[in-house]
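The values are calculated or read from the model by the stated rules, or taken from the named source; none is laboratory data. Here the structure is a predicted model, which means the values were calculated and not measured. In this analysis, Cβ positions are derived from the backbone assuming ideal geometry, glycine residues included, and neighbour counts consider all displayed protein chains.
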Ligand code: COA
Ligand code: AMP
C-alpha cells in the first residue's frame with residue numbers, strides 16, 4: 001500500500017485498518033471490539049484487548065531471541081559516563097524495581113511521580129511502573145517544586161521516584177531539596193519516596209528521613225512479572241500547559257498507544273528493528289515518552305539516552321559524535337537544538353570530524369522550523385530534515401511525511417500532510433472550512449489510537465479545552481494554512497501557550513505569578529520571537545498607584561518569582577513597566593498587539609481598541625526598554 005492508500009483506508013475503513021495495525025504488536029488477548037465509547041461518550045480503542053507495555057518493549061524481544069542485543073545506550077558527557085544495556089540487563093533491573101514497587105504496596109491503578117534527570121534509571125522506573133500497571137507521571141527536571149506540587153495534588157501518587165541530582169552542563173542541580181519542599185507544600189503525604197543516589201559527590205547532607213534507596217530496593221526485591229492490563233488502562237499521565245494556570249493531566253491509554261507507536265516507527269520514521277534510533281528529548285516531554293522510550297523499544301530499536309545539550313557538552317559537535325559512535329540511523333530533535341549548533345558552528349567544521357554514513361533522516365518537531373535552519377542542515381549534514389507536527393495530546397505525529405515510502409516529498413516550512421488516522425481540516429471561527437487561508441487546525445472525531453484518553457479525572461475540562469469549540473471536532477489550539485497540494489503550514493498557537501526552546505509553557509500561568517507581586521496592578525505576558533529559542537516570554541506590567549519600586553527592581557523580583565515558581569526553563573527575563581495596557585473597549589487586554597509591537601512586526605490597529613494613542617505610548621516605551629537592556 002502506498003501513502004495515499006494508507007491514508008484513505010485509515011479514514012474510510014477505520015475499524016479494519018486499525019485492527020490490522022493492532023496485529024503488529026503482541027496482545028495477551030487480542031481485542032474483539034475495535035472502536036467503542038467510554039462512559040463520557042468519547043472514543044476508546046481495543047477496549048477488550050489485554051496487553052502489557054513493558055512486555056512489548058523488553059520481554060517480547062528476549063522471547064524472540066534478541067536478549068543480547070543492545071536496548072539502551074546511555075551517553076553522558078556531563079558526567080563522563082557511557083553504558084550499554086542489553087534487553088536481558090534491562091529486564092533484570094526493571095523487573096526487580098517493579099518487584100520493589102510491589103513490596104512497597106504499589107498496585108495496578110496506583111500512580112507514581114517520576115522526577116528524574118536523563119539517566120537510564122528514569123526509563124527503568126517508567127517501564128517498572130508499566131510492568132505492574134502503575135500509572136506514571138514523569139515531571140521534567142527543570143520544573144520548580146511548585147510544578148511538582150500541582151502534579152502531586154492532582155494525581156495523588158503513592159510513590160515519588162527521584163534522584164539525588166541532575167547536571168546542567170557543569171552545574172549540579174540537587175533534586176532532594178526541591179522534592180522536600182514539594183512534599184511539604186503538597187496537600188497529601190506521598191507514602192514512598194525512592195531515591196537513586198547518583199554518587200556524583202557526597203550527597204549525604206541532602207538526604208532526609210524516610211527515603212527508600214533505589215539501588216537497595218532493586219537488589220533486595222524479587223523480579224515481578226508483567227501484569228495483563230486492559231487496552232484502555234492508563235499507561236501514563238503527562239501534564240501540559242493549557243490556557244489556564246493549571247496544567248492538564250493528559251491521560252494516555254496502553255493498547256491504542258502501543259499500536260500507534262509501532263505504526264509510527266515503521267511508516268513515519270521508516271526505521272527497521274535492530275537499528276539505532278535517537279530522540280534527543282528529555283523524558284519529561286511527550287517526545288521523551290513516545291520516542292525515547294516506548295516507540296523505539298516496541299520496535300526493537302536501540303534507544304539513546306543522552307545527558308547533555310546540543311552545545312557546550314563539550315562542543316557543538318556532540319550530536320554528530322553520538323550519531324557516528326552509535327551508528328544512529330534516524331534522529332529526532334527540536335529545531336532550537338539545530339539553531340544552537342548552527343550558531344556555534346556556522347560552517348559545519350565540527351560535522352566534518354564524524355562519519356555520518358549511517359545517518360539517514362533527521363526529524364524535527366516541537367516548534368516551527370525556520371527555513372535558514374533547514375538550509376544549514378541541508379548544506380552541512382546532507383540528510384533530509386523532516387519537519388512534523390504533534391502535541392502532547394496526540395502522543396504521536398499528526399502531520400508529517402510517511403518516509404517508509406521513498407517517494408515522500410518535503411515542502412520547506414510545511415509540517416507535512418495529515419498522517420493516517422487524522423482527518424485534519426482548517427476552520428474559520430464559525431466552523432467553515434478554509435482553503436489556502438489561515439485558520440484553526442481541527443481534527444474530525446474520532447481521533448485515532450494513541451491520542452489522549454482525556455484529562456485525568458476532569459472530563460469537563462477535557463470537553464471545554466478540546467471538544468466544545470467545534471461540534472464533532474478536536475480543537476488543536478494551533479493556527480494553520482493548507483496549500484493546494486494538501487501540505488499544511490503551522491502558523492503558531494492561537495491561545496496562551498508558547499514554545500520556548502521546544503518547551504511548551506503557559507503565559508497565563510506566568511501572568512498568575514507576575515500578578516501576585518504586591519506592586520503589580522495588572523500585567524500581560526506574551527511570547528515574543530527569539531532567534532535561538534523560537535519564542536521567549538515577555539511581561540508588560542502596570543504598577544499600582546503609589547508604588548515606589550524602581551523598574552529595575554520590579555523586573556528582578558518578577559524574574560526571580562517566575563524562576564522559583566515554574567523553573568529556570570520558563571526563561572522569563574524581560575519585564576517592561578508601562579502606564580497602561582492596550583485594551584479593547586470591553587476591557588480585554590490586546591496581547592497580540594503587544595507581541596506584534598515588541599517584535600516590530602506590521603500590524604493593523606484593532607478596530608475594537610479603546611484608545612489608539614496607547615500604541616504610540618507603548619512603542620516609545622519598547623524603544624526605551626530595549627535601548628536600556630542593550631546597554
Ligand atoms: N533541570 C534543571 N534545570 C534545567 C533543565 C533541567 N532538566 N533544563 C533546563 N534547565 C535550566 C537551564 O539550566 C537554564 O537555566 P539558567 O537560566 O540558570 O541558565 C534554563 O533552564 C533554560 O534552559 P534551556 O532552555 O535549556 O536553555 P539554555 O540556554 O541552557 O540552552 C539550548 C539552549 C537551545 C541548547 C537548549 O534549550 C536545548 O537543548 N534545546 C532543545 C530542547 C529540546 O530538545 N526540546 C524538545 C522537547 S520535545
Ligand atoms: P507539546 O505538547 O509540548 O508537544 O507542544 C505542542 C505544540 O508545539 C503544538 O501545539 C504546536 O504549537 C507546537 N509544535 C509542535 N510541532 C510543531 C511543528 N512541527 N511546527 C510548528 N509548531 C509545532
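Looking only at residues in segment 348-382 that are more than 16 Å from ligand 2 (Cβ to nearest atom) and out of contact with any helix residue (DSSP H, G or I) (no Cβ under 8 Å at 6 or more places or on another chain), which one is nearest to residue 280 (Cα to Cα)?
The residue in question is 360.
Condition test on residue 264, is it in a helix (DSSP H, G or I), within 14 Å of ligand 1 (Cβ to nearest atom) and buried (at least 24 other Cβ atoms within 10 Å of the Cβ)?
Considered against the rule, which asks whether it is in a helix (DSSP H, G or I), within 14 Å of ligand 1 (Cβ to nearest atom) and buried (at least 24 other Cβ atoms within 10 Å of the Cβ), residue 264 comes out as no.
Taking the criterion of being at pLDDT below 95, farther than 23 Å from residue 365 by Cα and away from ligand 1 (no atom under 16 Å from the Cβ), would at least one residue in segment 495-505 satisfy it?
There is no residue in segment 495-505 that is at pLDDT below 95, farther than 23 Å from residue 365 by Cα and away from ligand 1 (no atom under 16 Å from the Cβ).
Which of the numbered conditions does residue 296 fail, given that it passes all the others? Conditions: (1) assigned to a helix (DSSP H, G or I); (2) surrounded by fewer than 21 Cβ atoms within 10 Å (Cβ to Cβ).
Failed condition: (2).
Given the conditions (1) assigned to a loop (DSSP other than H, G, I, E, B); (2) farther than 23 Å from residue 99 by Cβ; (3) at pLDDT 95 or above; (4) in contact with a strand residue (DSSP E or B) (Cβ under 7 Å, 6 or more places away or on another chain), and given that residue 200 satisfies all but one, which numbered condition is not satisfied?
(3)
Determine which member of the set 431, 421 is more than 30 Å from residue 536 (Cα to Cα), surrounded by fewer than 18 Cβ atoms within 10 Å (Cβ to Cβ) and away from ligand 2 (no atom under 14 Å from the Cβ).
After applying the criteria, what remains is 431.
Condition test on residue 265, is it modelled with pLDDT under 95 and in the same structural domain as residue 79 (by TED's automatic domain parsing)?
So residue 265 does not fit the description; no.
Conditions first: (1) loosely packed, with under 13 Cβ neighbours inside 10 Å; (2) under 27 Å from the mean Cα position of the chain (by Cα); (3) part of a loop (DSSP other than H, G, I, E, B). Residue 560 passes all but one, so which condition is the exception?
Exception for residue 560: condition (3).
Return the residues of segment 354-398 that are away from ligand 1 (no atom under 15 Å from the Cβ), assigned by TED's automatic domain parsing to the domain that holds residue 250, under 19 Å from residue 271 (Cα atoms) and not in a strand (DSSP E or B); say none if nothing qualifies.
356, 357, 358, 359, 360
The conditions are (1) assigned to a helix (DSSP H, G or I); (2) touching a helix residue (DSSP H, G or I) at 6+ places or on another chain (Cβ under 7 Å); (3) more than 16 Å from ligand 2 (Cβ to nearest atom); (4) within 25 Å of residue 141 (Cβ to Cβ), and residue 342 fails exactly one of them. Which is it?
(4)
Among the candidates 323, 311, which residue alone is in the same structural domain as residue 150 (by TED's automatic domain parsing), over 18 Å from the mean Cα position of the chain (by Cα), more than 16 Å from ligand 2 (Cβ to nearest atom) and closer than 30 Å to residue 513 by Cβ?
After applying the criteria, what remains is 311.
Going through segment 213-249 one residue at a time, which ones are within 26 Å of residue 196 (Cβ to Cβ), in contact (Cβ under 8 Å) with a residue 24 or more places away in the chain and surrounded by fewer than 17 Cβ atoms within 10 Å (Cβ to Cβ)?
Selection gives 219, 220, 222, 223, 225.
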